[in-house]
Amino acid sequence: ETGVTQSPTHLIKTRGQQVTLRCSSQSGHNTVSWYQQALGQGPQFIFQYYREEENGRGNFPPRFSGLQFPNYSSELNVNALELDDSALYLCASSPSALNVGELFFGEGSRLTVL
Amino acid sequence: KNEVEQSPQNLTAQEGEFITINCSYSVGISALHWLQQHPGGGIVSLFMLSSGKKKHGRLIATINIQEKHSSLHITASHPRDSAVYICAVTNFGNEKLTFGTGTRLTIIP
């Protein structure tokens with residue numbers, strides 16, 4: 001039990017639609033990162049938020065956007081969904097910035113785009 | 001950009017065997033994480049290392065900063081240890097984690 005919850009656990013969308021994935025972190029965890037994990041591959045960094053501001057971004061297009069809220073929850077939004085967006089989306093929170101502290105992962109949201 | 005390589009990619013062993021999983025990276029790091037991912041997808045953080053060695057139960061993680069190499073050892077392996085083990089690193093001044101592709105471990109009773 002990591003104290004990080006993600007919702008929904010599974011969802012199916014069609015190409016062109018928009019999706020919002022949610023992550024609830026432990027109290028006091030100021031840093032949250034989002035990762036995309038395609039089937040059979042390692043996770044890829046999407047972006048990180050620290051104290052409600054974006055604090056680093058991976059190689060993902062602008063249609064991937066995020067928000068972090070004062071209550072330690074965060075969102076990942078993906079617009080204009082493409083088939084290749086089908087993946088497991090993981091969030092990880094930490095009490096420290098720059099990922100130098102222990103990480104707490106959620107169970108992930110599995111997105112299928114048809 | 002840091003490249004992270006793990007070996008082996010797949011490992012099958014009998015219950016009770018001593019397991020070693022290796023991780024190498026190409027550029028100096030601020031921290032290295034060992035993670036465990038079960039078939040459902042959830043990831044659990046096992047260790048975070050910046051130097052030396054850490055032990056937790058039957059798990060031991062070591063890192064050699066000069067050689068840019070880390071190992072994860074499992075003593076007295078058990079079928080419940082079956083999972084994918086992932087090593088991930090962070091670079092100085094960089095916010096992102098770079099992940100290896102993982103080692104799929106299967107322990108046979």
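The values are calculated or read from the model by the stated rules, or taken from the named source; none is laboratory data. It should be emphasised that the depicted structure is a prediction, and the values quoted were computed from it without experimental measurement. For neighbour counting, all protein chains shown are included, and Cβ atoms are generated from backbone atoms with ideal geometry for every residue, glycine included.
Computed values, structure above
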{"read-out": "Strands (runs of 3 or more DSSP E) wholly inside the range A:9-107 that include at least 3 residues being without any contact (Cβ under 8 Å) to a residue 40 or more places away in the chain and within 13 Å of another protein chain (Cβ to nearest Cβ)", "value": "A:44-50, A:53-57"}
{"read-out": "Residue, modelled with the lowest pLDDT, within the range B:92-109, restricted to residues that are of a type outside the set (F, W, Y) and within 15 Å of B:E5 (Cα to Cα)", "value": "B:L97"}
{"read-out": "Unmet criterion (only one of (1) charged (D, E, K, R); (2) free of Cβ contacts under 8 Å to residues at least 40 places away in the same chain; (3) touching a Pro at 6+ places or on another chain (Cβ under 6 Å)) for B:K96", "value": "(3)"}
{"read-out": "Residue, modelled with the lowest pLDDT, within the range B:16-43, restricted to residues that are of a type in the set (S, T, Y) and part of a loop (DSSP other than H, G, I, E, B)", "value": "B:S30"}
{"read-out": "Subset of the range B:79-102 (residues that are away from chain A (no Cβ under 14 Å) and surrounded by 13 or more Cβ atoms within 10 Å (Cβ to Cβ))", "value": "B:D81, B:S82"}
{"read-out": "Scan of the range B:20-43 for residues that are over 11 Å from the mean Cα position of the chain (by Cα) and either more than 12 Å from every other protein chain (Cβ to nearest Cβ) or not hydrophobic (A, V, I, L, M, F, W, C) (or both), ordered by number", "value": "B:Y25, B:S26, B:V27, B:G28, B:S30, B:H38, B:P39, B:G40, B:G41, B:G42"}
{"read-out": "A:L111, sole failed condition from (1) under 25 Å from B:H38 (Cβ atoms); (2) of a type in the set (A, V, I, L, M, F, W, C); (3) away from every other protein chain (no Cβ under 14 Å)", "value": "(3)"}
{"read-out": "Residue within the range A:67-88 that is charged (D, E, K, R) and more than 22 Å from B:T98 (Cβ to Cβ) present", "value": "yes"}
{"read-out": "Failed condition for A:P43, given (1) out of contact with any Ser or Thr (no Cβ under 9 Å at 6 or more places or on another chain); (2) surrounded by fewer than 18 Cβ atoms within 10 Å (Cβ to Cβ)", "value": "(2)"}
